[in-house]
Amino acid sequence: MTAIIQDTASVLFVLALGYFSGKRSMFTQDQAEGFNRLVLNYCLPAMLFVSIAHSTRQQLWSDRTTLVAAAIVLMGWYLASLAVAKFFFGHSREEAVIAGLSASTPTVGFLGIAVLAPLFGAGAALTVATVALVVNLVLVPLGVILAAPASTKLSAALMQAIEQPIVIAPMIATAMVAAGIRFPSVADAPLALIGHATSGVAVFTAGLVLAAHTFRLNLEVAWNVVIKLVLMPASMLALGLAYGIGGEMLEQLILIVALPPVFAGMILAVRYNTYVEIASSTLITNTLLFVVAAPAWIAVARSFGA
């Protein structure tokens with residue numbers, strides 16, 4: 001489990017850099033918002049576009065069972081966490097949407113390959129790509145649409161979301177793959193260069209934002225953590241076994257859904273200045289506890305899937 005510990009330690013290190021930089025006033029919150037725009041409008045779209053455009057139709061759609069299982073677990077817990085945030089914790093629609101992303105959506109695009117490849121080899125790339133489809137083409141765009149201010153009409157919010165680079169880039173890439181259009185290799189280097197900045201800048205910015213808000217360890221943060229590290233992996237284990245998924249594939253799926261929350265939730269929280277403290281507290285708590293939960297779930301998966 002050295003790879004898991006190393007990856008988690010790297011995230012915590014960059015988070016700490018951002019946190020202490022914010023505490024020492026080396027960067028302002030306005031600058032943090034600028035970093036967020038950089039990630040959301042340039043870095044992340046470029047990374048998503050390249051990763052999807054270099055896939056094939058066979059790779060993206062060959063394992064439909066994996067795709068269906070991932071979609072059921074991710075969508076089910078996203079809607080459940082959104083509903084609990086709205087009706088139990090009394091949040092507005094915008095806050096509940098961000099709560100859903102923070103509680104249930106894994107950062108598969110950032111950490112998926114980094115965590116799974118050292119454990120399972122190159123074959124993990126297909127599993128990561130399959131789950132990333134659900135996250136990047138359904139959950140994140142849905143969050144962008146629903147997190148728009150309540151005064152915004154649904155049609156206007158939909159058009160605004162579609163115009164966002166984080167939404168339109170993976171849509172174009174998927175359309176290219178479906179049409180059999182190969183992405184020119186000459187464009188790889190420029191997009192990869194800006195895309196590689198995604199994880200570092202996003203995590204550093206999360207640290208900056210965390211420094212400006214009080215860390216909370218309350219019932220809602222605990223609930224978000226339980227969803228991410230207990231209920232989602234347990235659901236994936238049960239569904240995987242029901243679908244006849246076993247061995248390393250089952251371990252990979254369980255580990256993916258247990259990954260720390262997608263940074264898009266934190267980015268949207270800052271963009272709309274809502275749910276920031278709980279989102280940031282959820283992010284750092286999940287990241288800290290992932291290093292313990294991941295080996296435990298791999299052991300459980302092996303005991304059931306052997």
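The values are calculated or read from the model by the stated rules, or taken from the named source; none is laboratory data. Here the structure is a predicted model, which is why all the values come from computation and not from measurement. Here Cβ is always computed from backbone atoms with ideal geometry, including for glycine, and neighbour counts include all displayed protein chains.
Filtering the range 247-262 to residues that are in contact (Cβ under 8 Å) with a residue 60 or more places away in the chain and over 10 Å from Ala69 (Cα atoms) leaves Glu248, Met249, Glu251, Gln252, Leu255, Ile256, Val257, Ala258, Leu259, Pro260, Pro261, Val262. Being touching a residue at least 60 places away in the same chain (Cβ under 8 Å), in a helix (DSSP H, G or I), within 29 Å of Leu210 (Cβ to Cβ) and more than 19 Å from the chain's Cα centre (by Cα) holds for only one residue in Ala32, Ala99, Ala103, Ala46, and it is Ala32. Of the residues making up the range 249-274, those that are modelled with pLDDT of 85 or more and more than 17 Å from the chain's Cα centre (by Cα) are Met249, Leu250, Glu251.
Would you confirm whether any residue within the range 96-105 is modelled with pLDDT of 80 or more, closer than 18 Å to Pro261 by Cβ, in contact with a strand residue (DSSP E or B) (Cβ under 7 Å, 6 or more places away or on another chain) and polar (S, T, N, Q)? Scanning the range 96-105, I find at least one residue that is modelled with pLDDT of 80 or more, closer than 18 Å to Pro261 by Cβ, in contact with a strand residue (DSSP E or B) (Cβ under 7 Å, 6 or more places away or on another chain) and polar (S, T, N, Q), so the answer is yes. Among the residues examined, Met232 qualifies as more than 17 Å from Ser303 (Cβ to Cβ), surrounded by 21 or more Cβ atoms within 10 Å (Cβ to Cβ) and touching a residue at least 40 places away in the same chain (Cβ under 8 Å). In this structure, Thr205 does not qualify as at pLDDT below 85, assigned to a helix (DSSP H, G or I) and touching a Leu at 6+ places or on another chain (Cβ under 7 Å).
Condition first: farther than 19 Å from Thr205 by Cα and either surrounded by 24 or more Cβ atoms within 10 Å (Cβ to Cβ) or not small (Gly, Ala, Ser) (or both). Now tell me which residues in the range 260-293 satisfy that.
Within the range 260-293, Leu289, Phe290, Val291, Val292 qualify.
I need the full set of residues from the range 84-96 which are part of a helix (DSSP H, G or I) and under 10 Å from Tyr275 (Cβ atoms), in order please. Listed by number, the residues that qualify are Ala85, Glu94, Glu95, Ala96. Being assigned to a loop (DSSP other than H, G, I, E, B) and more than 30 Å from Thr28 (Cβ to Cβ) is a property that Ile245 has. Scan the range 179-201 and tell me whether some residue there is more than 18 Å from the chain's Cα centre (by Cα) and under 23 Å from Phe290 (Cα atoms). No, the range 179-201 has no match at all.
Filter the range 10-29 for residues that are hydrophobic (A, V, I, L, M, F, W, C) and either within 20 Å of Arg271 (Cα to Cα) or free of Cβ contacts under 8 Å to residues at least 24 places away in the same chain (or both); which is surrounded by the fewest Cβ atoms within 10 Å (Cβ to Cβ)? Among those residues, the one meeting the criterion is Phe13. In the range 106-116, which residues are in contact (Cβ under 8 Å) with a residue 60 or more places away in the chain and in a helix (DSSP H, G or I)? Residues satisfying the conditions are Val108, Gly109, Phe110, Leu111, Gly112, Ala114, Val115, Leu116. Identify, please: which residue in the range 173-229 is of a type in the set (S, T, N, Q) and crowded, with 16+ Cβ neighbours inside 10 Å and is, among those, farthest from Gly265 (Cα to Cα)? Within the range 173-229, the match that is farthest from Gly265 (Cα to Cα) is Thr174.
Of everything in the range 37-79 that is more than 26 Å from Glu94 (Cα to Cα) and of a type in the set (Phe, Trp, Tyr), the residue that is modelled with the highest pLDDT is Phe49. Put simply, of Pro233, Pro190 the only residue that is at pLDDT 85 or above and farther than 27 Å from Leu79 by Cα is Pro190.
What are the pairs with Cβ atoms under 7 angstrom where one residue, in the range 189-207, is free of Cβ contacts under 8 Å to residues at least 12 places away in the same chain and the other, located anywhere, is aliphatic (A, V, I, L, M)? Sequence gap at least six, or different chains. Correct list of pairs: empty, since none qualify.
Restricting the search to the range 209-229, which residues are assigned to a helix (DSSP H, G or I) and at pLDDT 85 or above?
Hits for the range 209-229 are Leu219, Glu220, Val221, Ala222, Trp223, Asn224, Val225, Val226, Ile227, Lys228, Leu229.
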